[in-house]
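K.L.:
First the structure, then my questions, so here it is.
The values are calculated or read from the model by the stated rules, or taken from the named source; none is laboratory data. Since the structure is predicted, the reported quantities are computational estimates derived from the model, not experimental observations. A quick note on method: Cβ atoms are made from the backbone with ideal geometry, for glycine too, and the neighbour counts reach across all protein chains shown. Quick note on the areas: whole protein, heavy atoms, side chains included, nothing else; ligands and nucleic acids left out. Shrake-Rupley method; radii C 1.70, N 1.55, O 1.52, S 1.80 Å.
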Amino acid sequence: FVSGTAKTQLKSVSEDAKCPLQTADFGSIEDVKFTLNAFGPYLPGEGKENYQLATSPLAFFDITAENNGIEAKEVAVAMEFANGGLLGGANNGKVESGNKAISFAGSPDNAYLAVDCDGESPVFSAGAAGNFSTNGQLANADGNLVAAKCNIPAGGKVHFKFVLAWYREYGSEGYYYHNFYSNSKDVATFGLSKFDAVRDGITSFVSRLLASNFPDWYKD
């Protein structure tokens, strides 16, 4: 959503993937360019948190909105998760306090979708589509979307950050990440706290790899 113009299920102009990073260019709407960095919970280096991230059920989606126009723009981005039982929990979620997340409750499996934004004074909404196409805000009712909205000055850039987490039970065996979390909300909270570090670490890692003298077949 950009200053009254909205597009749903936006298609990428181009995309590429270099493990563990996927990039996509969604083109521009009203002089605002949208690009995606999607990545797994991998932070290069050694340490307890590096290992915890690498074994956590997390997916990160960083959408950068860059205003190349000559005036400020009101911009919103929403992400939808069509659960369908894929990662546990219900198909529609309950809006969490603060309207920054929805919880796909289930017993014992569950999932959690959260949003954050580094823009100035962002407005968060979650749940049903509501009036997103007309004012960039969701209905804060049962649904499966989260969104953030903010004002981006001319020449400015804002990161819209989405985290998807899930929690599965597997008989009496369980999963290793059960040592760190009790549910998908715990996982998402940890993931959000490391979002910038993981994004910057992965994008740097991939950039350095592509600039190396490794053979092309290896870099691809």
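K.L.:
Under 21 Å between C-alpha atoms is the cut-off here; go through region 118-220 and count lysine pairs that meet it, provided they're at least eight residues apart or on different chains.
P.N.:
6
K.L.:
So how much accessible area does Asp220 have, in Å² to the nearest 10, using a 1.4 Å probe?
P.N.:
Looks like 130 Å² after rounding.
K.L.:
Once fully extended, how much extra length lies between Tyr176 and Ala197, figured as 0.36 nm per residue of separation less the alpha-carbon to alpha-carbon distance?
P.N.:
Stretched out fully, the Tyr176 to Ala197 stretch lengthens by 5.3 nm.
K.L.:
Let me check something: with ligands and nucleic acids excluded, how do Phe180, Phe104, Phe132 order by accessible area (1.4 Å probe), largest to smallest?
P.N.:
Result of the area sort, largest leading: Phe180, Phe132, Phe104.
K.L.:
Then there's this: Calculate what fraction, in whole %, of the accessible area of region 71-141 sits on carbon and sulfur atoms when a 1.4 Å probe is rolled over the protein chains.
P.N.:
Carbon and sulfur atoms account for 45 percent of the accessible area of region 71-141.
K.L.:
Report the extension gain between Ala141 and Lys33 in nm, rounded to one decimal, defined as 0.36 nm multiplied by the number of residues separating them, less their alpha carbon distance.
P.N.:
35.9 nm
K.L.:
To continue, here is another question. Using r as the Cβ-Cβ distance of Asn50 and Ser121, and R0 as 41 Å, what FRET efficiency do you calculate, to the nearest 0.05?
P.N.:
Working from the Cβ atoms, E equals 0.80.
K.L.:
Treating the beta-carbon of each Lys and Arg as +1 and of each Asp and Glu as -1, no other charges, what is the dipole magnitude of the chain about its Cα centre, to the nearest 20 debye?
P.N.:
That gives the chain a dipole magnitude of about 100 debye.
K.L.:
Can you pull the one-decimal nm distance between simple spin-label points at Lys18 and Asn91, each 7 Å off the Cα toward Cβ?
P.N.:
For Lys18 paired with Asn91, the spin-label model returns 4.0 nm.
K.L.:
Just the number please: accessible area per residue for region 68-210, 1.4 Å probe, all protein chains included, in Å².
P.N.:
Value for region 68-210: 47 Å² per residue.
K.L.:
Rounded to the nearest 0.05, what FRET efficiency do Thr8 and Lys219 give with R0 = 25 Å and r taken as the Cβ-Cβ distance? Could you check?
P.N.:
0.10
K.L.:
Computed from the coordinates I sent, Cα extents along the principal axes in Å equals one of [x] 52, 43, 28; [y] 70, 47, 33; [z] 57, 51, 27. Tell me the label.
P.N.:
From the options [x] 52, 43, 28; [y] 70, 47, 33; [z] 57, 51, 27, the structure gives [z].
K.L.:
Compute the separation of the alpha-carbon centres of region 86-149 and region 1-27 and state it in Å as a whole number.
P.N.:
Rounded to whole Å, the Cα centres lie 20 Å apart.
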